[in-house]
Amino acid sequence: MANGHFDLFVIGGGSGGVRAARLAAALGKRVGLAESSRMGGTCVIRGCIPKKLLVYASRFAEDFALAPSFGWTVGRTEFDWPTLIAHKDAEITRLEGLYLNAVEGAGGVVFHEHAAFVDAHTLRLSGSGEVTADTILIATGARPARDLLGAPGIEYCSTSDEAFDWEELPKCVVIAGGGYIAVEFAHIFHELGVDTTIVIRKPKVLRGFDEDLRDALHASMERRGIKVLPERMFTSVEREGGEIVCTTTRGDRLVTDKVLLAWGRLPNTDHLDLDRAGVATGKNGRVEVDGYSRTSVANIFAIGDVTDRLALTPVAIHEAMCFVKTAFQDEPTRPDHALVPTAVFTTPEIATIGRSEANALEHGHSIDVYKSSFLPLKSTLAKSGDRAMMKLIVDQETGKLIGCHIFGADASEMAQLVAVAMKMGATKAQFDATVALHPSAAEELVTMRTKSYSKAP
């Protein structure tokens, strides 16, 4: 064997894979990790982190617009896309180094190569030959679903992977999709001055989120000037000179500089030769796992987006820690996917924990619903802007808070703390008994005393 034998070999150097490798190595295990791209995976290189940096950049436009109402005279402003991308790249490179050091510093060995299965205990590395391992962890994440275009012209389209590295900021962009990635990029580009259109297959954006959140965001997008074209698909994408022309099932003819496909992501299992090891896969190639992240092969586990359970970076990290306890610490631990907070970094933000109203009813809960809508203090002097919206869903039988949904500035920061309370089983009465922090938007969460309505399954 070119590189010998390992107690654990991890395929994938993203957040989940790196956490598992580092923890196992710290326990004294001989650990190897293969990453064919850059260390850090989707979140660090082409996802959460660069996205949030672009979000920060885009929000200065709104701050500049509000400044005069607070007495500031703002002169001519100018945005330079190449400067932002250069600074973003420098930060990503720094973080990439930290991820590499996390594994190597703990004693793990990193191979900057592609790994594929030979059998259940053997992997073939693209440059170093074969390695063997007692336990193998698949943590290869997901990739943009480019092949869901459903029309000719895919070669003229970009995904979020490429959008982070566009050399120039387009004057016009058409975004296909209505999920996290699509609506976040729609706000980023619009706030940076790009003529932005979003084409969605469903009647509303963010399928699966609470209906009141979806309605609030949809209204906000239209108020801001983002063009939303619902219930459409592309019939063709063509290049005409220096422009791209998209036609839709409703006869729209959209002329644009860039087309961004954001119709979701697919588990990244291509070229792993999973069949050679007997690893079972499911819809879209996802790796099938049990409650302990174990695949159909006893010594092979999988975590993160490649399992298509709950595609969030902190979830992959949580699954990695549970895997290490299960595989190496004689402490079988199931990942807990309940009450996971999540945010959509639009402007304003959306954040949610627990059940939506519809989901609560589907699962047999009789509920009390508390809702509030208000103009944030920061917008009152200008007398303009989006109204914040907060919604609490309470189980009638237990009085426990089972859903919290926030639309407004800093929603993500509020939701992280609310998630702690909900994980501890907080009741609406305990929220009511909490003294408000004034003046803040978050105080609304503990001052909603009047029930908006009740519903039963």
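Only residues that are in a strand (DSSP E or B) and surrounded by fewer than 24 Cβ atoms within 10 Å (Cβ to Cβ) were counted across region 159-178, and they come to 2.
A search for C-beta distances below 6 Å between a residue of region 59-85 that is in contact (Cβ under 8 Å) with a residue 12 or more places away in the chain and under 26 Å from Pro170 (Cβ atoms) and any residue that is β-branched (Val, Ile, Thr) and assigned to a loop (DSSP other than H, G, I, E, B), counting only pairs 6+ apart in sequence or on different chains, returns Arg59/Thr347; Phe64/Val74; Phe64/Thr77.
Residues of region 216-232 being farther than 24 Å from Gly193 by Cα and either in contact with a Phe, Trp or Tyr (Cβ under 6 Å, 6 or more places away or on another chain) or surrounded by fewer than 15 Cβ atoms within 10 Å (Cβ to Cβ) (or both), which ones? Across region 216-232, the qualifying residue is only Glu231. Restricting attention to region 320-365, the residues that are in a loop (DSSP other than H, G, I, E, B) and either modelled with pLDDT under 95 or of a type in the set (Val, Ile, Thr) (or both) total 4.
The residue that is nearest to Glu168 (Cα to Cα), counting only those in region 248-264 that are surrounded by fewer than 19 Cβ atoms within 10 Å (Cβ to Cβ) and either polar (S, T, N, Q) or within 27 Å of the chain's Cα centre (by Cα) (or both), is Asp257. Close Cβ contacts (under 8 Å, 6 or more residues apart or on different chains) running from residues in region 16-35 that are in the same structural domain as Ser293 (by TED's automatic domain parsing) and more than 22 Å from Glu130 (Cα to Cα) to residues that are at pLDDT 95 or above and among the aromatic types (Phe, Trp, Tyr) comprise Leu27/Phe328.
Scanning region 1-43 for residues that are surrounded by fewer than 18 Cβ atoms within 10 Å (Cβ to Cβ) and touching a strand residue (DSSP E or B) at 6+ places or on another chain (Cβ under 6 Å) turns up Met1, Ala2, Asn3, His5, Asp7, Arg30. A Cβ distance below 8 Å, combined with a sequence gap of six or more or placement on separate chains, defines the contacts here; from region 266-286, residues that are in contact (Cβ under 8 Å) with a residue 24 or more places away in the chain reach residues that are polar (S, T, N, Q) and surrounded by fewer than 16 Cβ atoms within 10 Å (Cβ to Cβ) in the pairs Leu266/Asn284; Pro267/Asn284; Gly278/Ser296; Val279/Ser296. Within the set Val279, Val324, Val306, the sole residue that is crowded, with 22+ Cβ neighbours inside 10 Å, touching a Leu at 6+ places or on another chain (Cβ under 6 Å) and in the same structural domain as Val55 (by TED's automatic domain parsing) turns out to be Val324.
Under the condition of being crowded, with 17+ Cβ neighbours inside 10 Å and either among the hydrophobic types (A, V, I, L, M, F, W, C) or without any contact (Cβ under 8 Å) to a residue 40 or more places away in the chain (or both), the residues counted in region 125-143 number 8.
Considering (1) more than 25 Å from His218 (Cβ to Cβ); (2) in a helix (DSSP H, G or I); (3) among the charged types (D, E, K, R), the lone condition that Lys378 does not fulfil carries the number (1).
With respect to the conditions (1) assigned to a loop (DSSP other than H, G, I, E, B); (2) closer than 19 Å to Ala351 by Cα; (3) of a type in the set (A, V, I, L, M, F, W, C), Leu445 falls short on a single one, namely (1). Of the strands (runs of 3 or more DSSP E) that lie entirely inside region 186-294, those containing 2 or more residues that are among the polar types (S, T, N, Q) span 195-199, 234-240, 243-248.
The values are calculated or read from the model by the stated rules, or taken from the named source; none is laboratory data. Treat the numbers as computed from the prediction; the structure is a model and nothing was measured. Here the Cβ is made from the backbone with ideal geometry for all residues, glycine too, and neighbour counts use every protein chain on show.
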